[in-house]
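Following: one structure in structure tokens, then a few remarks.
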Amino acid sequence: MKRVWFFLLLAASFMFSNPGYSLANDKTNDPTLENHQILIASLTEEDGVNDPLEAINRSIFKFNEFILNLLLRPISDVYNDNLPAVFRVGVKNFLSNLTIPISVANHLLQGKPDEALRSVGRLMANTIVGIGGLVDVAEELGSPGRKEDFGQTLSVWGVDEGIYLVLPIFGPSNPCDLVGKFIVDPYFNATGNWISNTNKNSIDWSLKATGGVSEYAGVVNELSQIKKTSIDYYAAIRSLYRQKRKSEISNGEQIELPAIPDLGYELSPNVFSKRTLATTD
């Protein structure tokens, strides 16, 4: 029975240790956000057109929500209520630091050697001075991170994102992100490669579980607000995911996004939109 619950926890954690559910800049559950209305950009006709598998996607979305409600929401409440913010930020920084080699490789593939070099500098500063990445020293020195993945690289090369997908366990995606996450980016994951080569599977599962709890705990309140204020929660998440990816590809320069905090892995928008969601799929 314990193995079943551990598997479910890992499954739920996968949902928030990947780009699919990352929505905006993490403010570590800033209590003032609870008094703010969650502002979501209005959906467009393109959202419906780009979702030909909507019936299947909605079924998978409901399954994923069941797992989240069963495990990650109560665990996140305990995590947020019992651990100080400085600890939660340290965990987030440490896990984010481990992904920098992926960004370095994709910066190079996108023809951005300066960004790649800056990311290498961030990795060295945070690892050496920041106590293994627990402290984001580089950002405090004026060098914020810009995370890249192969899904973004494909889009930079001109590959269309394709249809919208909701994956069991892994959540929102598209064909570009699917190829990047499961085929290419793992080759650039230095920590993952070390774990695979040394058969440290327990470390791998621990990192995934910790990453999932950390990511979800940082956005649980915001997701709850989106769910309360959205006419169609599925459509709201779909719209946010697609806009998030467009913002990442353009480095946040060409797309309006809602004023919600980032989960950490991929998005760093500022406050742009002041339109509330009015979904009519």
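The values are calculated or read from the model by the stated rules, or taken from the named source; none is laboratory data. In this text, all values refer to a predicted model and were calculated from it rather than measured experimentally. Heads up, the Cβs are rebuilt from the backbone with ideal geometry, glycines too, and the neighbour counts pull from every protein chain shown.
Per-structure values
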| quantity | calculated |
| --- | --- |
| Failed condition for Val159, given (1) in contact with an Asp or Glu (Cβ under 8 Å, 6 or more places away or on another chain); (2) surrounded by fewer than 17 Cβ atoms within 10 Å (Cβ to Cβ) | (1) |
| Residue within segment 66-87 that is surrounded by 19 or more Cβ atoms within 10 Å (Cβ to Cβ) and without any contact (Cβ under 8 Å) to a residue 40 or more places away in the chain present | no |
| Residue list for segment 172-224, filter: of a type in the set (Ser, Thr, Tyr), assigned to a helix (DSSP H, G or I), under 17 Å from the mean Cα position of the chain (by Cα) and surrounded by 14 or more Cβ atoms within 10 Å (Cβ to Cβ) | Thr210, Ser214, Tyr216 |
| Those residues of segment 122-160 which are within 29 Å of Asp51 (Cβ to Cβ) and touching a Gly at 6+ places or on another chain (Cβ under 8 Å), in sequence order | Asp149, Phe150, Gly151, Gln152, Thr153, Leu154 |
| Meets criteria (in contact with a helix residue (DSSP H, G or I) (Cβ under 7 Å, 6 or more places away or on another chain), at pLDDT below 90 and under 21 Å from Val91 (Cα atoms)) for Lys208 | yes |
| Residue list for segment 72-129, filter: in contact with a helix residue (DSSP H, G or I) (Cβ under 6 Å, 6 or more places away or on another chain), within 30 Å of Gly158 (Cα to Cα) and not in a helix (DSSP H, G or I) | Gln110 |
| Output for segment 156-190, where each listed residue is farther than 14 Å from Tyr241 by Cβ and hydroxyl-bearing (Ser, Thr, Tyr) | Tyr187 |
